[in-house]
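One structure below.
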Ligand SMILES: Cc1ncc(COP(=O)(O)O)c(C=O)c1O
């Protein structure tokens, strides 16, 4: 499918300073859009200036939340070229989310071509390391109709923007509150999909966490309220007696691409890696006894973020010495070296634009 180019040419007013790019606040000048209509499929892909969408107030996304999204990054390489990290995995996950949310799949090749073309046009907005260009594809229901049913029209679009670390400096340990009063996802629900409603439902817990001086919330399973699931925008990894341990992707957590990649790197680095259910009490006891030496989150935005403290009600549990541990450091350095092109990409994870 040919993508129509109606972009504007605009360069940043000043050189992009990686230390002054808060996450998700600056946007590149252009965006990609393609429409889907029942009976017609995907049609009229185009690149247009970043700006408001033409959306009626009855558009179904605004009432029933039929929406999915993705998040990935493009990295400036030492030779000045720009590479995306595993965009095929994000494109595939978008289609998995689409299936769950009763939305049409969009060919992976169209998604990749859209990203390639858009980022090539806005290449001047890909910042130097350690900053990156964050890429946000999304799909929304655009049919103007009330009444709960699936939309017969959809819009898929991609916006991008230069961005710095998600939590300030990536090696600063974060403080996480265990959520006891709310759950994020139940079996059979939408926890494994990247859909806006999951995030909207998490905001009240995040607000309470913030009041208590925490950065994010640790979710427990909805049935027994005992097993660790994930945090707001990251999967969780624990080091128990030297074993890198993470909860399984059993349908209630997002199957993170960073998580999957770290599993591969652990095997190469000869670090034992297991996926198994983790009881929250096991974590507290492990921290008290010294068996649980590290906890860290991982995700596209957060990269590898050490957890320094866990808060459960009035109790505070310190993780190790409260700073980044050796396993988190090794994995962060190994992953980011591949992403920024200072180590060889032996897995074919990086896609050149
Ligand atoms: C709820 C949730 N879990 C985990 C992740 C990490 O996924 P990924 O590594 O693909 O960015 C994210 C971020 O996308 C997320 O929003």
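The values are calculated or read from the model by the stated rules, or taken from the named source; none is laboratory data. These figures come from a predicted structure and were not determined experimentally. Methodologically, a virtual Cβ is constructed for each residue, glycine included, from the backbone with ideal geometry; neighbour enumeration extends over all protein chains shown.
Could you tell me whether region 179-192 includes any residue that is surrounded by 20 or more Cβ atoms within 10 Å (Cβ to Cβ) and over 20 Å from the mean Cα position of the chain (by Cα)? Yes, region 179-192 contains at least one residue that is surrounded by 20 or more Cβ atoms within 10 Å (Cβ to Cβ) and over 20 Å from the mean Cα position of the chain (by Cα).
Residue check: residue 262 meets all listed conditions (1) in contact with a helix residue (DSSP H, G or I) (Cβ under 7 Å, 6 or more places away or on another chain); (2) at pLDDT 95 or above; (3) closer than 23 Å to residue 317 by Cα but one, namely (3).
Here is a check on your reading of the model: is residue 19 farther than 30 Å from residue 148 by Cβ and not assigned by TED's automatic domain parsing to the domain that holds residue 198? Yes: the conditions hold for residue 19. For region 175-230, a residue qualifies if it is on the phi > 0 side of the Ramachandran plot and touching a strand residue (DSSP E or B) at 6+ places or on another chain (Cβ under 9 Å), and exactly one does: 213. The sole residue among 262, 311 that is surrounded by 13 or more Cβ atoms within 10 Å (Cβ to Cβ) and not in a helix (DSSP H, G or I) is 311. One residue alone among 241, 312, 321 is more than 22 Å from the chain's Cα centre (by Cα) and at positive phi, and that residue is 241. For beta carbons closer than 8 Å, sequence separation of 6+ or different chains, a first residue in region 251-273 that is free of Cβ contacts under 8 Å to residues at least 24 places away in the same chain and assigned by TED's automatic domain parsing to the domain that holds residue 197 and a second that is away from the ligand (no atom under 13 Å from the Cβ) and not in a helix (DSSP H, G or I), the qualifying pairs are 263/273; 263/275; 267/273.
Just one of (1) within 11 Å of the ligand (Cβ to nearest atom); (2) crowded, with 19+ Cβ neighbours inside 10 Å fails for residue 71. It is (2).
Could you say whether any residue in region 140-161 is within 16 Å of the ligand (Cβ to nearest atom), under 21 Å from residue 283 (Cβ atoms), modelled with pLDDT of 95 or more and not in a helix (DSSP H, G or I)? No, that holds for no residue. If I ask for residues that are touching a helix residue (DSSP H, G or I) at 6+ places or on another chain (Cβ under 8 Å), part of a loop (DSSP other than H, G, I, E, B) and crowded, with 16+ Cβ neighbours inside 10 Å, which ones from region 28-56 would you list? Matches in region 28-56: 28, 29.
Restricting attention to region 78-102 and to residues that are in a loop (DSSP other than H, G, I, E, B) and surrounded by fewer than 18 Cβ atoms within 10 Å (Cβ to Cβ), the residue that is nearest to the ligand (Cβ to nearest atom) turns out to be 102. When region 148-174 is filtered for residues that are surrounded by 20 or more Cβ atoms within 10 Å (Cβ to Cβ) and out of contact with any strand residue (DSSP E or B) (no Cβ under 8 Å at 6 or more places or on another chain), only 164 remains.
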